[in-house]
Structures are given as C-alpha cells and as structure tokens.
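A short write-up of the structure that comes next.
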Amino acid sequence: MEKKWWHKSVVYQIYPRSFNDTNGDGIGDIQGIIRKLDYLNELGIDVIWLSPVYKSPNDDNGYDISDYEDIMDEFGTMQDMDMLILEAKKRGIKIVMDLVLNHTSDEHKWFIESRKSIDNSYRDYYIWRDKPNNIKSTFSGSAWQYDETTNQYYLHIFSKKQPDLNWENEIVRNKLYDMINFWIDKGVGGFRLDVIDLVGKEIDNEILGNGPKLHDYIQEMNVKTFGKHDMLTVGETWGATPEIAKMYSDQKRNEFSMIFQFEHILLDQQEGKEKWDLKPLELKDLKRVLSKWQIELTEEDGWNSLFWNNHDLPRIISRWGNDTSEELRVLSGKMLATLLHGMKGTPYIYQGEEIGMTNIKYESLDDYRDIELINMYNERIKEGYCHDDIMNSIYSKGRDNARTPMQWDDSNNSGFTTSKEPWIKVNSNYRTVNVKKALDDKESIFYHYKKLIQVRKEHETIIYGDYKLILEDNNQVFAYLRQLNEEKILVICNFYNTEVEIDLSKENLGCTKEIMLSNYNDTKLDINKILLRPYEAIMYKL
Ligand code: NOJ
C-alpha cells in the first residue's frame, strides 16, 4: 500500500454563500473566506472543499454553472479566487474545487446554442428526445422539459435550469477535461465530483447511477486531467456499496482518492421512499453500517471518507445528538465528533459543525430558499399531504438546515453580514452558538475538534490501524478498538441522554495507559465497569 498525503488530511467544507460576507450584500464571498483562513488554520485543517463559486444564475446555489472558467458576481472575481488559492497555500491549505460535470445551467452558452435548432453543432452536448420516459427529477416532477423551439424534450435530473450533459459525446468530455486542466494550472489541490455516478447513465434503459460506461469515463478523465498530478479527488456517489467504492478508490484502478458514500445518511429514510419519508434512527443500524465500511474498505483496495454533514444534509447534533439544551448540545456534539474522527478515512468537517451549529425551524415556507424543498412542498400539497407533516420533514431533512449563515459572533446577523437582510435568515441561537464564544472557551466543541485533528496527526494508529467493533450488542453504546502494531486506541461513545454501565473486562483489552480525550473532565482511567454519563465519549490509549 502506498501512503498518500490525503490519508492524513482533514478537510473543511465551505459553502461560500453562507460563510462570510465582506461587501454587505447579504451573500458570502471569496474575500470573506480569505479573511477566515487564519481561523481555519487555528482549527488545524489542511484542505478546503469549496462548494461551487463559478458563474451561475443560482437556481441551485451554484450547482447550475453557466461558465466554468469564471466566478459568480456575488462571490467576487477571478483575482479574488487566485488570491484565495495563494493565501491558502501560504498556510499549508489546499483548495479542492467542486466539479459539477453531470449538468450545466440552461444559461451556459453550450445549452443556449443547443436549444436553438436540431442541427446546431451543440445540439448533441445535451440529451434530447422526442418523447419523455419515466425518469423523475430529484427536485420533483418529470426529468424531461418540453422545449417549444424544436418540439423536443431535454433531460434534467435536477432542476429544469440544470440540463444534463451528454457524456456519450466525446467532444463534451474533452471540453470538460480542458476545463479541469484550467483549474489544475491555477494550482488547486483537487476536486469533489458532484453526483459523478450519474454520468454513465443509459437514459433509454432508464439506468441512472452506475451505468456501464461510468468507470471507463472516470479512468479517461483521470488520465487526461488529475491523474498526472498528486491531488485529492472525491466522488459523490449516493448508491455505493463497499464493492462499488473499491472500483472508484482502489489506487491501482486510477480513478479517485475516495468517494462519499451515504449508507449511514439514509438510516432515517423509509426504504424505497423519498428522503422526506422519515423513520426513527436506531443506533444498531449506525453501528452495523459504519463498521461494515471500516472493515470492508481498507487502504489496500480503497479509502473511506468520514462525514456527518454537508450542504445537503441536516446538522448532525439535531439528528444523532441533542439540541434541546446548551449542555447536551455541547456534550453530544463532542461525542459525535469523537466517534467519527477516531475512525479510518479522511474526515470532512462542514462549516459550523466545529462550533456545534444546529438545525433551523422557520415557521413560514417563505423564509426557505432551497429549490428542492420548495418543489417538494408544492408537489406534496397537490398530492394531498398536510402542511404540518411536510413542514416536519423539512425541519428534519431540508437542505436549508445546513445553509443558514455561519455564526461568527453575537452581533446582528451573527457577524455574517452587515446587511440587514442576509440571503437566508440566521439561526436565532447565534447569541449562544458562535465562533467568538467558542474561541473564548477552552471547553468548547471547537477545541474538541482541534484536539481530534491533532491526535490524528500524531497517531498512525488512527490513520492506518485495524478497526474492531466492541460491545456489538449494546444498543446505547458505540465502542471500537483501533490497533496498529503494539498501539491500541479505544473509543467509547454513549449515544443517549441517560447513564449506562458497561463492562469491558471480558474483552481482553489490557490496561488503559492514558485518556487521550474525553467530553467530561473527570473521566476515570479504569475501564472495567464504567458508568458512562449522558453522551459521554472517551478515547483511551491502551
Ligand atoms: C449534489 C449537490 O451536493 C447538491 O447540492 C446539488 O443540488 C446536486 N448535486 C445537483 O448538482
């Protein structure tokens, strides 16, 4: 196994629109990110994944790109972007760009041409048919949009302003590769590839994810772009199993560094239904799923990404933790961080996670901004669902939970903007949950994350050690052992707000040498018969 620099990295995801606004228009910008680089350096991360900053009409907040080689006006200019890459580099931080290759905006010049006539030279850049089939859009309704000019339908798996590119067309693929090389030449450190498992689709057979040509395309892209460089690449793949993950991330196959798999994220969704159709979370499922990925995907034939959050997902404290009191928010936030950061893989921290930001509950739908949830609301109302049930799904799963402005301090609008109206309302808990407060308090969630990042850098066991689930049948505690040569690290996490006694004497673990980290400050070193307190999380060296 060849060791890679990104095995040791911790990535921080920035959703620029909600991060930091410096020109007072209520929308975050690139200069705002530059001003916070020292803060990120203090946290200890070494890579930033930047959600899209390209030119875009913002139907899906930048995931609808109208020019891949230009910057969105609200975010700044290409000079700002060059400055960000440079300033980050000075601090040892690499910038990973988001690559949206499955679709463009309908305002991209390729699509403007494509829709003009059937014999336009760009026609075949997109997917046009005389009749729609049954494919549904992720953002509700049919995935086909009728276009009067040529009396045909084009495919859009996401919004109708996000037409899907035709990957079967070699010219399209090569243009995308040229664009990727444009960014490589600018000195970026890698790419996150948006819904990449869709690009091998076979539309007429209604095959979307994991199509037959998918891996040929990725290998071709690898050879023609980032494969020649030492970069971090991570593909977003919703339907991946460990077997599929190996196809992408086995270094011998020349595809990506790793993928995002979502099996642990789908645990509160009823099987075969949509993400809005909720079911209660069960710890035993989380233990089964995360342990499976830890054991089946090792550095020999793949690599894991580790994440709780991103810009599409609800905040983890409101999901697996407890946001009902300040004390429980802090305890559960640290517990969840400990569980994830003790595992094997590259951890990703989503902006605000490091201070324990929580979900939002706006009373009115008018305060929501996300096209996915607004379309879903309208569709379900038409289908006869009741308003309250739909709002409950939005409170649990809506993407705007992750997109409220970053909470920097307790001044108006959390210090995110000087404008009276940020593009989306700030979470009202910003006076208690904010960066300034977290930095002033040595016991904050922020310093717990910082410590976890340091501990990872100092212990190869966390990076490469074997993983073993302990107390498999316990329904309240998630515990596991990591081992590399003689060094053993034990992680114990109580997932609930009640005490629980555990007995590790039968596990033959040996003696505990040191408490590396805990979310209570009087944790005992003895692991035989421990009474774990609410959300207690401990990392021991054995
Ligand atoms: C996945 C992205 O994470 C999400 O935000 C976006 O809406 C879709 N892909 C479409 O690009």
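Residue count for the range 516-530, restricted to those that are modelled with pLDDT of 95 or more and either touching a strand residue (DSSP E or B) at 6+ places or on another chain (Cβ under 6 Å) or open to solvent by less than 20 Å² (accessible area, probe 1.4 Å) (or both): 4.
Kindly check whether there is at least one residue in the range 147-157 that is part of a loop (DSSP other than H, G, I, E, B) and either within 16 Å of the ligand (Cβ to nearest atom) or in contact with a strand residue (DSSP E or B) (Cβ under 7 Å, 6 or more places away or on another chain) (or both).
So in the range 147-157, the residues part of a loop (DSSP other than H, G, I, E, B) come out as 148-151, 156-157.
Next, only the ones that are either within 16 Å of the ligand (Cβ to nearest atom) or in contact with a strand residue (DSSP E or B) (Cβ under 7 Å, 6 or more places away or on another chain) (or both) stay: 156-157.
So far as the range 147-157 goes, yes, one or more of its residues are part of a loop (DSSP other than H, G, I, E, B) and either within 16 Å of the ligand (Cβ to nearest atom) or in contact with a strand residue (DSSP E or B) (Cβ under 7 Å, 6 or more places away or on another chain) (or both).
Of the residues LEU267, LEU283, LEU290, the single one that is touching a helix residue (DSSP H, G or I) at 6+ places or on another chain (Cβ under 6 Å) and more than 16 Å from the ligand (Cβ to nearest atom) is LEU267.
If I filter the range 4-11 for residues that are open to solvent by 50 Å² or more (accessible area, probe 1.4 Å), more than 16 Å from the ligand (Cβ to nearest atom) and of a type in the set (Phe, Trp, Tyr), do I get at least one hit? Within the range 4-11 (the criterion being open to solvent by 50 Å² or more (accessible area, probe 1.4 Å), more than 16 Å from the ligand (Cβ to nearest atom) and of a type in the set (Phe, Trp, Tyr)), the answer is yes, since at least one residue qualifies.
All of (1) within 24 Å of LEU328 (Cα to Cα); (2) in contact (Cβ under 8 Å) with a residue 12 or more places away in the chain; (3) open to solvent by 20 Å² or more (accessible area, probe 1.4 Å) hold for SER444 with one exception: (3).
Scanning the range 476-514 for residues that are among the polar types (S, T, N, Q), surrounded by 15 or more Cβ atoms within 10 Å (Cβ to Cβ) and under 34 Å from the mean Cα position of the chain (by Cα) yields GLN476, GLN483, ASN494, ASN497.
Reported count of residues in the range 201-250, each being part of a loop (DSSP other than H, G, I, E, B) and either in contact (Cβ under 8 Å) with a residue 40 or more places away in the chain or open to solvent by 10 Å² or more (accessible area, probe 1.4 Å) (or both), is 17. The set of residues in the range 42-72 that are touching a Phe, Trp or Tyr at 6+ places or on another chain (Cβ under 6 Å) and among the hydrophobic types (A, V, I, L, M, F, W, C) comprises ILE45, ILE48, VAL53, ILE65.
Yes or no, residue by residue, for (1) among the polar types (S, T, N, Q); (2) over 25 Å from ASN61 (Cβ atoms):
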{"residue": "PHE139", "(1), (2)": "no, no"}
{"residue": "GLU148", "(1), (2)": "no, yes"}
{"residue": "LYS160", "(1), (2)": "no, no"}
{"residue": "GLU168", "(1), (2)": "no, yes"}
{"residue": "ARG173", "(1), (2)": "no, yes"}
{"residue": "MET179", "(1), (2)": "no, no"}
{"residue": "GLY187", "(1), (2)": "no, yes"}
{"residue": "ASN205", "(1), (2)": "yes, yes"}
{"residue": "GLN219", "(1), (2)": "yes, yes"}
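Of the conditions (1) farther than 23 Å from GLU42 by Cβ; (2) within 16 Å of the ligand (Cβ to nearest atom); (3) in contact (Cβ under 8 Å) with a residue 40 or more places away in the chain; (4) touching a Leu at 6+ places or on another chain (Cβ under 9 Å), ARG319 fails just one. Which one is it? For ARG319, the exception is condition (2). Checked against (1) over 22 Å from PRO422 (Cβ atoms); (2) in a loop (DSSP other than H, G, I, E, B), VAL330 passes all but condition (2). With respect to the stated conditions, GLN261 fails to be within 30 Å of HIS387 (Cβ to Cβ) and in contact with a strand residue (DSSP E or B) (Cβ under 8 Å, 6 or more places away or on another chain). Of the residues ILE374, ILE381, which single one is surrounded by 15 or more Cβ atoms within 10 Å (Cβ to Cβ), in the same structural domain as THR432 (by TED's automatic domain parsing) and of a type in the set (A, V, I, L, M, F, W, C)? After ruling out the rest, the residue left standing is ILE374.
The values are calculated or read from the model by the stated rules, or taken from the named source; none is laboratory data. Here the structure is a predicted model, which means the values were calculated and not measured. Reconstructed Cβ throughout: ideal geometry from the backbone, glycine too, with neighbour counts over all protein chains shown. The area values use the complete protein model at the heavy-atom level, side chains included, leaving out ligands, DNA and RNA. Shrake-Rupley method; radii C 1.70, N 1.55, O 1.52, S 1.80 Å.
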